[in-house]
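Peer 1: Questions regarding the structure given below will be posed in turn.
The values are calculated or read from the model by the stated rules, or taken from the named source; none is laboratory data. None of these values were measured; they are calculated from a predicted model. Cβ coordinates were reconstructed from backbone atoms using ideal geometry, including for glycine residues, and neighbour counts include every protein chain displayed. Side chains are part of the model used for accessible areas, which takes the heavy atoms of the whole protein and leaves out ligands, DNA and RNA. Shrake-Rupley method; radii C 1.70, N 1.55, O 1.52, S 1.80 Å.
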Amino acid sequence: MSSASSSVRRIAATVLAAGAVVGAAALPAAAHDGHHQRPRVEISRVQADSPGRDDHSNRSLNDEWVEITNTTREAINLRGWTLRDDDGNRYRFDNVRIGGRATIRIHTGNGRDTRTDLFQDRREYVWGNRADTATLRDDRGRTVDTESWGRRHH
């Protein structure tokens, strides 16, 4: 009986020790994440192919857009952030604040910027109807999010 009881104690001690090691390893990671949480902004929707004919009218250009959503509760300033396509067309955000849990739509054509709609003021389409990638980068050039559709044939 005593050998069975000492085996159970050894197994229990091993399990507890393993749990302590795992717990100790997880603790610093959890504490670290809490202090350096990065803003979470994502590309939430893309309408690359404006409805109707691509007639280069401002209306058609503005029906091509990318939506960006701030998934955090706090407003984030996008100053210096960029939105780029596969061909290198780039839109640079000026002093734009996106509210917590808010979405802004970046249109290709001309218009007057508001809290919910921004305009690239272009006269040509940016986003490929069949295939492209929208890349959102922060003010340090780090990729925050990408959204791809279709297939590129090089």
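Peer 1: Name the single residue that is least open to solvent (accessible area, probe 1.4 Å) among those in the stretch 66-90 being in a loop (DSSP other than H, G, I, E, B) and of a type in the set (Asp, Glu).
Peer 2: That would be ASP85.
Peer 1: Return the only residue of THR143, THR103, THR108 being closer than 15 Å to VAL46 by Cα and under 14 Å from the mean Cα position of the chain (by Cα). Step through it out loud before you land on a result.
Peer 2: Numbers: THR143 fails: closer than 15 Å to VAL46 by Cα; THR108 fails: under 14 Å from the mean Cα position of the chain (by Cα).
None of the other options fit; the residue is THR103.
Peer 1: Could you look through the stretch 100-154, keep only residues that are in a strand (DSSP E or B) and either of a type in the set (Gly, Ala, Ser) or out of contact with any strand residue (DSSP E or B) (no Cβ under 9 Å at 6 or more places or on another chain) (or both), and pick out the one that is least open to solvent (accessible area, probe 1.4 Å)?
Peer 2: Checked the stretch 100-154; the qualifying residue least open to solvent (accessible area, probe 1.4 Å) is ALA134.
Peer 1: While we're on this one: In the stretch 39-65, what residues are in a loop (DSSP other than H, G, I, E, B) and surrounded by 13 or more Cβ atoms within 10 Å (Cβ to Cβ)?
Peer 2: Selection gives PRO39, ALA48, ASP49, SER50, ASP54, SER57, ASP63, GLU64.
Peer 1: Assess whether PHE93 counts as being over 18 Å from the mean Cα position of the chain (by Cα) and either open to solvent by less than 50 Å² (accessible area, probe 1.4 Å) or aromatic (Phe, Trp, Tyr) (or both).
Peer 2: No: the conditions fail for PHE93.
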